[in-house]
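Colleague: Can you read through this structure? Questions will come right after.
Nothing in this text is a laboratory measurement; each read-out follows from the coordinates by a stated rule. These numbers come from a predicted model, not from an experiment. Glycine gets a Cβ as well: all are built from the backbone with ideal geometry, and neighbour counts include every protein chain shown.
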Amino acid sequence: MTRFLVTGTAGFIGFHLARRLLADGHAVVGFDAITDYYDPRLKRARHALLEQFAGFRPVIARLEDEAALRKAADLAAPEVVIHLAAQAGVRYSIEAPHAYIGHNVVGSFNLLEVVRGVRPRHLLLASTSSVYGGGPTPFRETDRVDWPITLYAATKKAMEAMAHSYAHLWRIPTTCFRFFTVYGPWGRPDMALFKFVDAMLAGRPVELYGQGDMRRDFTYVDDLVEAVVRLVDRAPRQGAPVMVEDGADSLSPVAPWRAVNIAGGMPVGLQDFVAAIEHATGRRAERILLPMQPGDIRETHADHRLLAALTGYRPATPVAEGVRHFVDWYLDYSGAHAARAS
Ligand SMILES: NC(=O)c1ccc[n+]([C@@H]2O[C@H](COP(=O)([O-])OP(=O)(O)OC[C@H]3O[C@@H](n4cnc5c(N)ncnc54)[C@H](O)[C@@H]3O)[C@@H](O)[C@H]2O)c1
């Protein structure tokens, strides 16, 4: 049994990760403010499921409240800290930039300050494929990530850099995950899959940006959780790079810090993604093709070799299968929701 402090447990990814850790018999203190970026009822429903496990203790507070974070850390006495809470979303960062500085920069800084006193054996933080900007694909962890094209990416890059300095100064083994378009049951209402299924089942058209000519390295959430769980026991040791076939380790030369892509390296076109939804819902999508949005990039594609070298694992759930699981959950959840509301 390992003691974990996980931030963002009422969120999409944090919920799935915490549920897996609890099912495996670990103790989890889950820190989340249940922000209203999207329907808080969905977040509460996720937490309610986690609360069925005896090993789960929720703390509802903001990352900006350093004293509350410190209390949560005291409660958890964590051996491993996993930081997922953040203001997510690329497009919203153009509308509401302040939220990203508060949650992602100040919030992550507070977390680092608390973790410095706790000295876990491993700190793992959620970064994003967006740090690669519009660079050449496949994105490799050793690529330069110096030209973010959205404030969301800039705040995640700032978190990676701050964490590197703490890893160096306080010798905290640190892994920064770079997640790529994660999808699955209990997913986020602001993301394409949720929006498309919602629209198609209600007979509304779906809006495809970039004239539908975009590709994403979609990652099924259970695959991501498997990768993360395996990485927990792969804390970086300074000066101990792993062998990566035809690739390179991103291990820092001065600190026990590395970045790792979490994705299968198999991008799928947006039109094929919609076709998978059509198949799973049995509805035809009326497509409205729109130009690229500010901050969008045409393709994300991960180099998955470092993850494979570290864990022996490559995310591989086919989109058709993952989308089917989402649609099953959506029908169940929205049905239960409608029944409760009436
Ligand atoms: N879902 C993806 O495709 C994806 C891709 C790349 C990176 N990420 C990153 O992965 C992490 C998890 O993403 P998600 O999809 O689960 O998002 P999410 O929005 O569902 O979850 C984030 C959670 O953090 C909480 N939170 C936000 N700000 C907070 C604050 N200031 N204090 C306390 N709690 C706060 C929210 O209430 C929410 O429950 C985030 O860091 C996100 O940036 C996600």
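Colleague: What ³J(HN,Hα) values, in whole Hz, does the Karplus curve 6.51 cos²θ - 1.76 cosθ + 1.60 give for region 96-104 when θ = phi - 60°, with x put for Gly and Pro?
Modeller: After applying 6.51 cos²θ - 1.76 cosθ + 1.60, I find 9, x, 4, 4, 6, 5, x, 6, 8 Hz.
Colleague: Next question. How about Lys195: which aspartates and glutamates have a C-alpha closer than 12 Å to its C-alpha, ignoring those fewer than 8 places off in the same chain?
Modeller: Of all the aspartates and glutamates, those that pass the test against Lys195 - Cα under 12 Å, at least 8 places apart if same chain - are Glu207.
Colleague: Scan the chain and note any complete DSSP helix (H) whose C-alpha atoms cover at least 18 Å along its axis and whose Kyte-Doolittle average is -0.5 or more.
Modeller: Qualifying helices, which must be both long enough and hydrophobic enough, are 151-170, 319-341.
Colleague: Same structure again: Dimensions of the chain along principal axes (Cα, Å, largest first)?
Modeller: 55, 48, 38
Colleague: Given Cβ point charges of +1 (Lys, Arg) and -1 (Asp, Glu) and nothing else, what value in debye, to the nearest 20, does the dipole of the chain about its Cα centre take?
Modeller: That gives a dipole near 560 debye.
Colleague: In addition: How large is the convex hull of the C-alpha atoms of region 151-257 per residue, in Å³?
Modeller: Spread over its residues, the Cα hull of region 151-257 gives 151 Å³ apiece.
Colleague: To continue, here is another question. If you restrict to DSSP beta bridges whose two residues both lie in the chain, what percentage is antiparallel, to the nearest 5?
Modeller: Just about 5 percent of them are antiparallel.
Colleague: What spacing in nm lies between the two simple spin-label points modelled at Leu169 and Ala23, each 7 Å away from Cα in the Cβ direction?
Modeller: Roughly 4.0 nm, to one decimal.
Colleague: Quick one: grab Rg to one decimal and Dmax as a whole number for region 231-331, Cα atoms only, in Å.
Modeller: Every Cα atom of region 231-331 included, Rg and Dmax give 18.4, 54 Å.
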